[in-house]
Amino acid sequence: MSKTHFGYQSVDETEKAGKVAEVFHSVASKYDVMNDLMSFGLHRLWKKVTIARAQVRPGQKVLDIAGGTGDLAAAFARAAGWGHTPEAQVWLSDINASMLGVGRDRLLDQGLALPCVQFDAEKIPFPNNHFDVVTVAFGLRNMTHKDVALAEMLRVIKPGGRVLVLELSKPDAFLQPVYDAYSFKVLPWLGEKIAQDSESYRYLAESIRMHPDAQTLKEMMLTAGFDEVDAHRMTGGIVALHVGIKY
């Protein structure tokens with residue numbers, strides 16, 4: 001049986017999705033609070049950059065994968081004119097029922113009854129060439145077969161469409177010592193104090209180290225079939241936004 005990584009652990013590929021699910025079932029209710037604390041609020045700026053680069057226009061169709069608590073989906077719904085422009089579609093999706101439930105409730109609180117669907121990004125249940133924009137923010141690194149998920153995202157976007165991948169990445173060398181100390185000491189401590197779960201945040205730190213760096217991810221997207229990929233490292237490389245385009 002093939003092996004993959006769950007943080008620093010080597011596990012059977014069939015086990016990874018379940019282990020990741022346990023993490024997000026555990027942290028779903030505290031997800032936004034922890035994101036603000038862990039990133040000092042910077043995750044909101046990174047998402048604003050992603051929203052701007054998505055360039056969603058009225059009437060377009062958008063799919064937000066691993067949509068978490070619905071931040072991106074809410075912004076895309078407004079940009080696409082959802083509820084006012086008949087052609088507009090904005091879907092919130094996640095593999096994890098707990099996260100999807102939190103996101104759905106947050107959207108409803110904003111008056112946005114967007115369609116929500118639970119699925120594995122390696123098997124996207126939409127037809128070829130359907131969406132104008134597909135996004136995944138802080139979700140790709142948790143996927144078992146990233147190449148398969150990227151190929152699926154490519155499949156469901158129209159020619160001229162774009163896939164945006166916002167993900168934690170490898171920081172510049174001068175930041176690495178401080179970043180390591182913060183990741184392996186402060187994050188688990190915050191997880192224990194705020195979410196009563198240090199292990200999930202230890203996994204977070206480990207999963208970042210196992211994720212491809214910005215250049216490697218760019219090459220993976222080109223190999224998956226994207227015709228053009230732009231990589232934008234932000235905040236000293238702590239995060240990277242990749243924009244893949246299909247001609």
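The values are calculated or read from the model by the stated rules, or taken from the named source; none is laboratory data. Here the structure is a predicted model, which is why all the values come from computation and not from measurement. With ideal geometry, Cβ positions are generated from the backbone for all residues, glycine too; neighbour counts draw on all protein chains shown. Ligands, DNA and RNA are excluded from the accessible area calculation, which covers all protein heavy atoms including side chains. Shrake-Rupley method; radii C 1.70, N 1.55, O 1.52, S 1.80 Å.
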Under a 1.4 Å probe, counting only protein heavy atoms, Trp91 has an accessible area in Å², nearest 10, of 60
Name the residue from Ile238, His145, Gly83 whose Cα lies farthest towards the positive end of the charge dipole of the chain, charges +1 on Cβ of Lys and Arg and -1 on Cβ of Asp and Glu. Gly83
Carbon plus sulfur, as percent of the 1.4 Å-probe accessible area of segment 144-247, comes to 60
Label-reachable residues, segment 136-179, where backbone N falls under 13 Å from a point 7 Å from Thr216's Cα toward its Cβ: 141, 146-147, 169-171
Taking alpha-carbon centroids only, segment 111-155 lies from segment 178-240 a number of Å equal to 19
Solvent-accessible area per residue for the chain at a 1.4 Å probe radius, Å²? 44
Percent carbon-and-sulfur accessible area, segment 46-95, ignoring ligands, DNA and RNA, probe 1.4 Å: 57
Within the chain, helix-based [θ] at 222 nm, where runs of 4 or more DSSP H residues each add -39,500 (n - 2.57), nearest 500: -13500 deg cm²/dmol
How would Ile51, Ile157 line up by accessible area, probe 1.4 Å, largest first? Ile51, Ile157
Given R₀ = 41 Å, FRET efficiency for Lys158-Ala97 by Cβ-Cβ distance, to 0.05? 0.90
Ordering of 215-222, 120-127 by packing [mean C-beta count within 10 Å, highest first]: 215-222, 120-127
Taking Cα extents along the principal axes in Å straight from the coordinates, which label in (1) 51, 47, 37; (2) 49, 40, 39; (3) 63, 39, 29 is the correct one? (2)
